[in-house]
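Asks: Next up is a structure, given as structure tokens.
The values are calculated or read from the model by the stated rules, or taken from the named source; none is laboratory data. Because the structure is a prediction, the values reported are computed rather than measured. Here the Cβ positions follow ideal geometry from the backbone for every residue, glycine too, while neighbour counts run over all protein chains shown. Just so you know, the surface numbers come from the protein's heavy atoms only, side chains and all, with ligands and any DNA or RNA stripped out. Shrake-Rupley method; radii C 1.70, N 1.55, O 1.52, S 1.80 Å.
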Amino acid sequence: MNMLTDAAVETALEGAPESKAAKMRGEKVNVFYGGKQALFDVSLDVGENQVTALIGPSGCGKSTFLRCLNRMNDTIDIARVTGKITLDDEDIYNPRIDVVELRARVGMVFQKPNPFPKSIYENVAYGPRIHGLASAKGDLDGIVETSLQKAGLFNEVKDRLHEPGTGLSGGQQQRLCIARAIAVSPEVILMDEPCSALDPIATARVEELIDELRENYTIVIVTHSMQQAARVSQRTAMFHLGNLVEEGPTDKMFTNPEDKRTQDYITGRFG
Amino acid sequence: MTGYLFLAILVLSLIAFYTGRRTASQFVAAHRNDVHSRPIYHGAFAAVWVGLPALVLVLLWLLFQGSIIDRLLLASLPASLTEGASASRLSLYLSEIKNVASGRIFSEPSPEVSAAAERYQRWQMIAQWAMVVVALAVAALALYITRARMTARFRARQGFERTLDIVMILSAVAAVLVTIGIIISLTYEAIQFFRLVPPHEFFFGLNWEPQIAIREDQVAGTGAFGAVPVFTGTLLIATIALLVAVPIGLFSAIYLVEFANDRFRGIVKPILEILAGVPTVVYGFFAVLTVAPAIRQAGGLLGISISPNSALAAGGVMGIMIIPFISSLSDDALRAVPQSMRDGSFAMGATRAETITRVLLPAALPGIVGGILLAASRAIGETMIVVMAAGLTATLTANPLEGVTTVTVQIVTLLIGDTAFDNPKTLSAFALGLVLFVVTLCLNVLALRIVRRYREKYE
Ligand SMILES: Nc1ncnc2c1ncn2[C@@H]1O[C@H](COP(=O)(O)OP(=O)(O)O)[C@@H](O)[C@H]1O
Ligand SMILES: [Mg+2]
């Protein structure tokens, strides 16, 4: 354990992302929707405190893989997952694991901002309340404020915390959803195309935020935009037809990909 | 006679359709691309214009013929009979004349009446034949005009569609007019009532004994028209009904939307909805023959005496009847909450129960409240179950084990048997009816507004 941490510190100093300690690790993950297989033997590590981007054409299984990491596939009746996925070397599909606890540690932000039809305050307080994180009312206020601050939203909404979250702009709603995810102090945050419903300015703000969050959280982001992957991620994984094609440091993936399919996808020949 | 006339108009209009279509087909053959509307529209246009005006004319004729002949009859009576006679006297003459005309003779009619009866018969005959002739003439004229107007460039499609628009508008207006008519007649009789009994006595009085004598020889109460016990009785029964229906309806909706698999839902949902289709008189039997005795027996075991027509039995059975309203509207409301809300909540680590109580129910609340209000309005207006299972005496009580009466029960009993429209007993039924109408209307409008507003939110 010590050795791992030391190694992480060293590589952080050198700025070589590939040898970061793996926070989550997928081994030979297969996913079936009914009789249809959506992922084939995907093995992928997610490094601690860095941003891993999942790219690839539509329907290649990026979201499916992402949803395996917090067991959101459990909510789909026909979905079946085989293989092994670990969080801090613990198998998250082990029956002893409580999904409630797992999802508190692995948070998620969706493609379309989905704030609850409640006040801004209540949206952020939702997680802390159900997990009993705040014993006193003051604690909850504190959690809500710091979460909104970390999500870069506090200054914009501090005067209207008790107005509905659904009244915010799309970009603000998405940052509210990020604040909501942060509020339970997760270790990993999964983001499924978090900017695809946002305009360019809101997108830039969210990207900035992702870069800041990397310091404290491990982030996995699905994105459709090559530029976004290049801007925010340290490592990139390329999916195609349910297979992991190639995975490596983002710089290398974009300048010197090994696989022909990655090359074609990045240069826009398909997708 | 009238039946044949309708048939004749129908036949004419069919003829118009077929000939119109055939003529138009000939245009198509002759001009090819220069024909504006397809032949079927030419046919439809002709049929509508041949049929509709004649039909409307006949209906109006039938509506007014009776009263016009009555007027003429009265005018033709010798002045010695009608001079200074009251309206009811005159209407007695009229019915006597009509009775004689149709051969129902109770006593030897006076010569004036016999003569009038003869006139009546003659005029009836003339009016009827005039109607037939005029209607057929109108139809024939319309047939001629539409045929004359028919050319290749004639815009039959627009004409036909505009006519259809008008027909639809008229149907909508008719529904509204009927509603307005109901309100007016209710209000009129209610005002008559409030002339006899002051409104404050009706709305705030605590004593309800409306069964007063209508004829001199009847034995009856002295009359008291304080409707408060009737209102509270209605409220008590409706409250019991909602206490039964809201939890059952809501929980079944939650189960069906959030837990049940498709197969189970496919079986159970239609069964639940059948409950709404059971005739209320059957619920009435159920309340009287099964539920009320069971409650009484249970009370007997516990040493409590329970009235045979307790509010509990009537309200409980009414609750079963309104379950489908609540469950199906709650079902819609829950289903309308987007999946992304559930995903968002599950992804935060919420359990199913937390997701339902903290996200889904609050989000669906307006729809659920709308459903409850609609159900409440049904419960307040429901008649058959309470007529069979609730009491007749108006008791001011909140005890569900006692018998209470409701607004609808009172309306029914007040209008059964002797009625006279200058008597507060009969008229009070209309005052009660007006209150019932206003309350349920307000509940319905409110409920529909809430439901509609909420629908817009996620679209
Ligand atoms: N809920 C589901 N039920 C059935 N098939 C699904 C479901 N979700 C995804 N799939 C299928 O799995 C494949 C991968 O989908 P997804 O992971 O959403 O792709 P991506 O996010 O890369 O566009 C697709 O072929 C899709 O049709
Ligand atoms: Mg996707």
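Asks: Quick one: if you stick a label point 7 Å off each Cα along the C-beta vector at B:S185 and B:T397, how many nm between them?
Replies: Computed distance between label sites B:S185 and B:T397 equals 3.7 nm.
Asks: Check which residues have an amide H placed less than 5 Å from A:V109's amide H, if you skip close sequence neighbours.
Replies: Hits under the 5 Å cutoff: A:L190, A:M191, A:D192.
Asks: Per residue of the range B:331-348, in order, report the coupling 6.51 cos²θ - 1.76 cosθ + 1.60 (Karplus, θ = phi - 60°) as ³J(HN,Hα) in whole Hz, putting x for Gly and Pro.
Replies: Result, ordered by residue: 4, 4, 5, 5, 5, 6, 6, x, 4, 4, 5, 5, 4, x, 6, 4, 5, 7 Hz.
Asks: Give me, ordered by chain and number, the residues 5 or more places off B:W208 or on other chains with an amide H under 5 Å from its own placed amide H.
Replies: Placed amide hydrogens put B:G226 under 5 Å from B:W208.
Asks: Work through the residues other than B:A238 whose Cβ is under 11 Å from its Cβ and net out their charges, Lys, Arg +1 and Asp, Glu -1. All intermediate terms of the calculation are to be shown ahead of the outcome.
Replies: Working: positive: B:R378; negative: B:E382.
Summing Lys and Arg as +1 and Asp and Glu as -1 gives 0.
Asks: Only helical DSSP H runs with n ≥ 4 go in: add -39500 (n - 2.57) per run for chain A, normalise by residue count and round the 222 nm mean residue ellipticity to 500 deg cm²/dmol.
Replies: Dividing the helical sum by the residues of chain A leaves -11000 deg cm²/dmol.
Asks: Still on this structure: From the protein chains alone at 1.4 Å, what is the descending order of accessible area for B:Y144, A:Y121, A:Y33, B:Y18, largest first? If you can, show how the numbers build up before the last one.
Replies: Numbers: B:Y144 155, A:Y121 15, A:Y33 50, B:Y18 125 Å².
Of B:Y144, A:Y121, A:Y33, B:Y18, the descending order of accessible area is B:Y144, B:Y18, A:Y33, A:Y121.
Asks: Which angle between 0 and 90 degrees, to the nearest 10, do you get for helix A:2-14 versus the longest principal axis of chain A when only C-alpha atoms count?
Replies: 90
Asks: Here is a follow-up. Have a look at the range A:39-153 and give its Rg and Dmax from the Cα atoms, expressed in angstrom.
Replies: In Å, with Rg to one decimal and Dmax whole: 16.5, 48.
Asks: Now for a separate question. Accessible area of the protein assembly as shown with a 1.4 Å probe: how many percent of it is carbon plus sulfur? Could you put the intermediate results ahead of the total?
Replies: Numbers: 22380 of 36630 Å².
Accessible surface attributable to carbon and sulfur in the protein assembly as shown totals 61 percent.
Asks: Let me ask something additional. Any idea how far the Cα center of the range A:83-120 sits from the one of the range B:164-206, in Å?
Replies: A separation of 60 Å, based on Cα centres.
Asks: Two-decimal Rg/Rh of chain B from alpha-carbon positions, Kirkwood Rh? Each step should come with its number before you reach the end.
Replies: Values: Rg = 31.2 Å, Rh = 28.3 Å.
My calculation of the ratio gives 1.10.
Asks: Treating the angle as unsigned and between 0 and 90°, give the value, to the nearest 10°, between the Cα long axis of helix A:120-130 and the longest Cα principal axis of chain A.
Replies: Once rounded, one gets 70 degrees.
Asks: Let me know the Rg and Dmax you get for the protein assembly as shown when you use only its Cα atoms, in Å.
Replies: Gyration radius and largest Cα-Cα distance of the protein assembly as shown: 39.1, 129 Å.
Asks: For the range B:435-446, take each phi angle, set θ = phi - 60°, evaluate the Karplus expression 6.51 cos²θ - 1.76 cosθ + 1.60, and give the result in whole Hz per residue in order, putting x for glycine and proline.
Replies: These are the phi-based 3J(HN,Hα) values: 4, 4, 4, 4, 5, 5, 4, 4, 4, 5, 4, 4 Hz.
Asks: Under a Cβ-only charge scheme (Lys and Arg +1, Asp and Glu -1), can you give me the dipole magnitude of the protein assembly as shown about the Cα centre, in debye to the nearest 20? Please report the intermediate quantities before stating the final value.
Replies: Working: 63 positive and 65 negative charges, 575 e Å.
Value, rounded to 20: 2760 debye.
Asks: Rounded to the nearest 100 Å², what's the accessible area chains A and B bury against each other, both chains counted, probe 1.4 Å?
Replies: 1600
Asks: Let me ask something else. Helix A:170-182: angle to the longest alpha-carbon principal axis of chain A, degrees 0 to 90, nearest 10?
Replies: It works out to around 90 degrees.
Asks: Please calculate how many Å² of accessible area the range B:224-458 carries per residue, with a 1.4 Å probe and no DNA, RNA or ligand atoms counted.
Replies: I get 43 Å² per residue for this part.
Asks: Taking amide H positions as placed 1.01 Å from N in the peptide plane, with prolines and chain starts having none, which residues 5 or more places from A:K23, or on another chain, fall under 5 Å of its amide H?
Replies: A:V46, A:G47, A:E48
Asks: Percent relative contact order of the range B:280-407, based on C-alpha pairs within less than 8 angstrom and at least six residues apart? Please report the intermediate quantities before stating the final value.
Replies: On the way: 148 pairs, mean separation 49.7, N = 128.
The value is 39 percent.
Asks: Across chain B, where is the longest run that never hits trypsin sites (Lys or Arg not before Pro) in a DSSP loop with at most 12 other C-beta atoms within 10 Å?
Replies: Details: sites that count: B:R104, B:R153, B:R215.
With trypsin sites (Lys or Arg not before Pro) excluded where exposed in loops, chain B gives B:216-459 as its longest stretch.
Asks: Moving on. How large is the accessible surface per residue of chain A, computed with a 1.4 Å probe and reported in Å² as a whole number?
Replies: Ligands and nucleic acids excluded, the figure is 45 Å² per residue.
Asks: Another question, if that's okay. For the range B:239-375, take the alpha-carbon Rg, divide it by the Kirkwood Rh, and send me Rg/Rh.
Replies: Here the Rg-to-Rh quotient is 1.09.
Asks: Explain nothing, just the number: dipole magnitude of the range B:2-154 about its Cα centre with +1 on each Lys and Arg Cβ and -1 on each Asp and Glu Cβ, in debye rounded to the nearest 20.
Replies: 980
Asks: Right, another one. Convert each backbone phi in the range B:193-201 into a coupling constant with the Karplus relation 6.51 cos²θ - 1.76 cosθ + 1.60 (shift: θ = phi - 60°), then list the ³J(HN,Hα) values in order as whole Hz, x for Gly and Pro.
Replies: Per residue, the Karplus-derived 3J(HN,Hα) values read 5, 5, 5, 8, 10, x, x, 5, 5 Hz.
Asks: Across peptide B:348-356, how many C-beta atoms of other chains are within 10 Å of each residue C-beta, on average?
Replies: The per-residue average across the peptide is 6.
Asks: To the nearest 0.05, what FRET efficiency results for A:K28 and B:M168 with a Förster distance of 51 Å applied to their C-beta separation?
Replies: 0.20
Asks: Using a 1.4 angstrom probe and counting only protein chains, how large is the accessible area of A:D211 in Å², to 10?
Replies: So the heavy atoms of A:D211 present about 70 Å² to solvent.
Asks: Calculated FRET efficiency, B:D34 and B:A130, Cβ-Cβ r, R0 45 Å, to nearest 0.05? Intermediate results must be reported in sequence, preceding the final value.
Replies: Numbers: r = 44 Å, r/R0 = 0.99.
In this case the efficiency is close to 0.50.
Asks: Sticking with this structure for a sec: Under a plain spin-label model, where a point goes 7 Å from the Cα along Cα-to-Cβ, how far apart in nm are B:A8 and B:F264?
Replies: Placing both labels 7 Å along Cα→Cβ, they lie 6.7 nm apart.
Asks: Show A:D88, A:D159 ordered by accessible area, largest first, where the area counts protein heavy atoms only and the probe is 1.4 Å.
Replies: A:D159, A:D88
Asks: Please work out the FRET efficiency for the pair A:N216 and B:S340, using the Cβ-Cβ distance as r and a Förster radius of 41 Å; give the result to the nearest 0.05.
Replies: It comes to 0.95.
Asks: Toward the positive end of the charge dipole of chain B, about the Cα centre and with charges on Cβ (Lys, Arg +1; Asp, Glu -1), which of B:M384, B:P210, B:L55 goes farthest?
Replies: The residue sitting most towards the positive pole is B:L55.
Asks: Just to confirm my numbers, what's the Cα centroid distance between the range A:134-198 and the range B:230-291 in Å?
Replies: 42
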